Amino acid sequence: MSTLVESPPVQIPPPRTKLRTLPIDQTRGIQAVYALICTEATLFLCMFGAYYYLGNNKDRWAIETPPELVYPFVLLAILLSSSAVIHWGEKQVEKGRYGASRAALWFTVLLGLLFLALQGMEYASEWGRLTPDTDSYGSIFYTITTLHAAHVIAGLLLLAYVGFLPHYGFARRSPHMPYQVAARYWHFVDFVWVFIVGLLYVIPHFLVHGHVH
Amino acid sequence: MAETAVASQLTELWETPKTLCGWLGTVDHKELGIRYLVTAFLFLIVGGVESLLVRIQLTHSNMNFLSPEGYNQMYTMHGVTMIFWYAAPILSGFAIYLIPLMIGARDLAFPRLNAFTYWTFLFSGILLYISPFFHQAPHAGWFAYVPYTLTEYSPGVGMDYYALSLILLGISTTGAAINFVVTIFRFRAPGMAISRMPLFAYSTLTISCVIVFAMPALTAACIFLELDRHWGTHFFGIAGGGSTFLWQQLFWFFGHPWVYVIFLPATGMISLIIPAFSRRPVVGYAWIAISTILTGLVGFGVWLHHMFTVGMSDIAMSIFSAGSMTISVFTSIQVLAWLATIWKGRPVATTSMYYAVGSVVMLVIGGLSGVFTGIIPVDWQVHNTYYVVAHIHYVLVGSNVFPVFAGFYFWLPKMTGRMMSEKLGKLSFWVMFIGFNVGFFPMHIIGLMGMPRRIFTYPAGLGFDKWNMVITIGAFVLGVGILISIINLFVSLRSGKLAGPNPWNADGLEWLTDSPPPPYDFEHIPLVASRHPLWDDYDNLDDPDDDRVLDGGRLTTITTWLDAEPIGVATIPEDSLLPLVMSLTLLGFFLAYQFHALWIALALIILTFLAGCAWMWPHTEKEVL
Ligand code: HEM
């Protein structure tokens with residue numbers, strides 16, 4: 001092969017850090033879970049988009065009676081407090097108090113199970129007037145909430161896995177910090193519920209009242 | 001290079017045993033990259049054979065080679081296979097093999113995830129190809145518009161396999177994308193600041209981000225389709241208050257960015273190949289990098305241009321039409337930069353360079369016909385004619401198949417350690433180039449004459465016969481051209497001349513190490529002092545006290561994401577069978593669902609979770625640091 005056309009490019013040699021003494025990196029797992037959260041959030045965005053797309057050309061978006069408000073707010077309270085608990089647990093992991101963090105984790109799991117049970121009751125109470133095959137509103141309503149429930153289950157499984165880890169696996173296993181990763185995911189699942197409550201439950205009530213016909 | 005003590009220590013740590021378990025459980029990015037390439041290439045051949053069968057049917061008016069239903073299944077399988085199981089995965093294959101080498105790392109950030117995504121990619125393809133055995137392959141085109149795909153009109157299982165295998169492929173693709181993002185941000189060798197990154201890494205990074213945000217739309221669409229087909233929901237059926245356009249919106253919100261997923265990494269490869277053979281740094285590095293990123297971004301804002309004929313507000317159409325035009329500006333910037341590089345350099349006419357330049361030519365033709373279709377009145381005219389088929393093939397073959405061949409001729413010596421024959425290579429190029437143009441250029445003409453796409457035959461006397469004959473011949477010639485390159489590969493594997501580390505005298509880090517690279521990629525983690533590490537006169541491997549050997553385990557460096565200053569070392573996990581087990585159970589889940597064995601499906605999804613737990617489980621206290 002012939003030689004280069006130009007003289008060699010500009011060079012700025014990097015500083016010579018000693019690699020041997022550098023710490024083991026554990027942040028990759030967290031970064032990956034953030035990326036995962038990005039796609040999952042987009043999945044929910046698509047679902048919300050579909051909700052509005054299906055609704056926008058209907059006169060009354062099938063909401064003669066908007067969904068009950070009591071259940072979703074109780075559920076919201078449960079999820080938000082579970083987020084607080086697991087956050088406290090994370091702090092304990094940093095301090096090395098593994099017993100306390102394990103307790104926090106299992107308590108979060110309990111709250112999650114309570115959430116699922118209550119959501120089941122909510123479905124039971126809605127079922128009489130609305131099912132997925134009533135119309136497109138029923139389809140998208142149940143699909144979004146069930147997809148969220150599936151994420152709750154996934155989050156619970158993750159938490160349970162961490163709950164069974166031996167102490168030493170809690171904070172440190174390169175490249176992951178399993179406790180933090182599971183907790184991040186759980187925060188995300190809780191956060192989605194905030195949007196669901198806003199978009200699927202609260203706003204329809206305003207729309208009903210705002211409707212002049 | 002003689003085997004030093006250091007090297008044998010590293011080999012000990014990194015080598016995969018040559019046993020069946022080793023083969024199934026390997027997490028080596030080079031091994032998996034090659035598997036990706038081979039698998040995706042097989043899909044190219046399968047899809048190619050399907051397209052040839054389609055062409056045989058169209059050679060004459062009123063042929064009976066395929067039944068109408070068989071024809072529909074054939075072109076659908078062709079489109080689906082090519083778009084989803086060939087075009088994107090083959091580029092992932094290059095990226096998986098090359099990215100760690102290019103950025104001076106020893107593996108991807110999540111090697112086991114890499115194994116998992118390979119197996120799920122393979123299994124999703126197998127899942128798709130189960131349906132032809134029931135003679136009920138998907139038959140609704142690669143974008144599967146509703147309501148035709150609902151059970152009333154498509155009662156067979158074909159559309160279910162379409163939806164399920166795409167969901168499975170989506171899992172695989174998203175996993176690979178996340179892997180690339182973290183790898184490219186964190187694993188670059190010390191000194192490889194973001195402004196020194198090879199352009200291929202830029203395009204891979206861009207499309208990985210695109211995948212993260214685009215894939216869910218397809219997943220959502222496929223979930224809705226499955227629910228509508230089997231669970232009585234009303235997303236798409238008008239009667240139940242659904243909307244058929246919902247599918248189109250979701251599909252194209254995913255689909256148009258996906259076009260760039262297929263296209264950008266290929267341009268990234270060209271941006272490395274053309275400078276290497278023009279013997280000078282690429283012109284306008286920053287321009288290319290920025291237009292790559294902008295293409296990815298703006299790609300999210302043009303999806304409605306696939307739907308100009310459905311009727312929508314003028315303002316929406318104008319915005320989306322303008323967006324489509326903007327993208328062609330970014331592509332033009334890249335094309336002009338390549339031409340300037342050739343112009344100002346001293347080009348060497350190798351096979352790889354032939355393919356690269358050939359692809360630019362076709363890209364320009366495809367881009368021009370694309371600008372036409374981006375203009376709304378023209379689109380109304382040519383919509384659903386062979387003009388569109390010509391356009392997509394100029395773009396896809398020009399921006400994917402030819403660059404992929406350029407990439408093969410450029411990097412295969414690195415992968416196999418042996419050179420390919422230039423003579424056969426150039427022959428293959430000319431046969432492919434001529435075959436392609438003979439086969440596809442006339443499609444513009446018959447398209448404008450009014451020949452519709454996706455119609456299994458046409459009456460005599462419309463003036464289509466003559467051109468269709470030419471097209472079919474061209475398609476076969478193209479196939480022969482591809483065959484010549486395959487033969488070339490096998491000849492080179494047997495008796496090619498040894499390549500040595502840097503046969504092309506190119507500039508990237510991947511040419512610093514042996515061909516094929518040792519299991520640990522680099523004996524010393526390289527230091528990078530410029531954008532063209534092998535063309536400057538800085539010694540990347542200078543490491544007097546063996547500080548950068550990192551042989552205390554399977555280790556590589558972690559650097560900051562902009563300046564690439566080393567801040568840590570990363571441990572790389574060992575080989576494991578669990579990723580394979582996990583993707584098998586996942587495949588089982590989809591199959592069980594398809595056969596309505598819901599309890600088995602539930603059991604399998606639990607097994608998938610347990611396999612994941614076993615995969616992640618910390619085994620010894622030693623892993624605590
Ligand atoms: C081996 C050379 C190829 C030949 C001869 C060929 C031929 C054809 C033909 C004749 C059609 C139109 C069928 C019809 O509408 O009646 C078609 C459609 C299509 N091809 Fe190809 N093709 C080739 C390669 C490719 C490649 C490499 C890609 C993608 C990377 C591709 C993607 C598509 C797509 C997406 C469609 C549209 C399918 C649909 O209408 O749903 N083709 N091809």
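Numbers below:
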{"quantity": "Residues within the stretch B:508-555 that are open to solvent by less than 30 Å² (accessible area, probe 1.4 Å), within 28 Å of the chain's Cα centre (by Cα) and either facing chain A (nearest Cβ under 10 Å) or among the basic types (K, R) (or both), tallied", "calculated": "2"}
{"quantity": "Qualifying positions in the stretch B:147-170 - open to solvent by 10 Å² or more (accessible area, probe 1.4 Å) and not aromatic (F, W, Y)", "calculated": "B:P147, B:L150, B:T151, B:E152, B:P155, B:G156, B:V157, B:I167"}
{"quantity": "Candidates B:I484, B:I471 - the one that is more than 11 Å from the ligand (Cβ to nearest atom), open to solvent by less than 60 Å² (accessible area, probe 1.4 Å), in contact (Cβ under 8 Å) with a residue 12 or more places away in the chain and of a type in the set (A, V, I, L, M)", "calculated": "B:I484"}
{"quantity": "Count of residues meeting criterion [at negative phi and open to solvent by 60 Å² or more (accessible area, probe 1.4 Å)] in the stretch B:453-468", "calculated": "6"}
{"quantity": "Conditions (1) more than 26 Å from B:Y458 (Cα to Cα); (2) more than 16 Å from the ligand (Cβ to nearest atom); (3) assigned to a helix (DSSP H, G or I); number of the one not met by B:V348", "calculated": "(3)"}
{"quantity": "Any chance B:L598 is open to solvent by 40 Å² or more (accessible area, probe 1.4 Å), touching a helix residue (DSSP H, G or I) at 6+ places or on another chain (Cβ under 8 Å) and not basic (K, R)", "calculated": "yes"}
{"quantity": "Which listed residue, of B:L101, B:L91, B:L52, is near the ligand (Cβ under 9 Å from one of its atoms) and over 19 Å from B:L127 (Cα atoms)", "calculated": "B:L52"}
{"quantity": "Residues that are more than 9 Å from the ligand (Cβ to nearest atom) and open to solvent by 20 Å² or more (accessible area, probe 1.4 Å), drawn from the stretch B:428-443", "calculated": "B:W430, B:V431, B:F433, B:I434, B:N437, B:V438, B:F441"}
{"quantity": "Subset tally (residues that are surrounded by fewer than 15 Cβ atoms within 10 Å (Cβ to Cβ), more than 18 Å from A:P66 (Cβ to Cβ) and not small (G, A, S)) for the stretch A:117-129", "calculated": "1"}
{"quantity": "Restricting the stretch B:13-50 to residues that are open to solvent by 20 Å² or more (accessible area, probe 1.4 Å) and assigned to a loop (DSSP other than H, G, I, E, B), the residue that is nearest to B:I482 (Cα to Cα)", "calculated": "B:D28"}
{"quantity": "Count of residues meeting criterion [part of a helix (DSSP H, G or I) and either buried (at least 23 other Cβ atoms within 10 Å of the Cβ) or within 12 Å of the ligand (Cβ to nearest atom) (or both)] in the stretch B:55-88", "calculated": "23"}
{"quantity": "The stretch B:200-227, residues that are farther than 20 Å from B:V259 by Cβ, within 8 Å of another protein chain (Cβ to nearest Cβ) and open to solvent by less than 30 Å² (accessible area, probe 1.4 Å)", "calculated": "B:F224"}
{"quantity": "Flag if B:L108 is of a type outside the set (D, E) and touching a residue at least 40 places away in the same chain (Cβ under 8 Å)", "calculated": "yes"}
{"quantity": "The stretch B:171-199, residues that are open to solvent by 10 Å² or more (accessible area, probe 1.4 Å) and part of a loop (DSSP other than H, G, I, E, B)", "calculated": "B:A193, B:P198"}
{"quantity": "Which numbered condition A:G155 misses (of (1) assigned to a helix (DSSP H, G or I); (2) away from every other protein chain (no Cβ under 13 Å))", "calculated": "(2)"}
{"quantity": "Filter result for the condition that a residue is surrounded by fewer than 24 Cβ atoms within 10 Å (Cβ to Cβ) and within 14 Å of another protein chain (Cβ to nearest Cβ), over B:L127, B:L108, B:L122, B:L113", "calculated": "B:L113"}
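The values are calculated or read from the model by the stated rules, or taken from the named source; none is laboratory data. Quick caveat: nothing in here was measured; it's all calculated off a predicted structure. So basically every Cβ, Gly included, is an ideal-geometry build from the backbone, and we count neighbours across all protein chains shown. Only protein heavy atoms, including side chains, enter the accessible area calculation; ligands, DNA and RNA are left aside. Shrake-Rupley method; radii C 1.70, N 1.55, O 1.52, S 1.80 Å.
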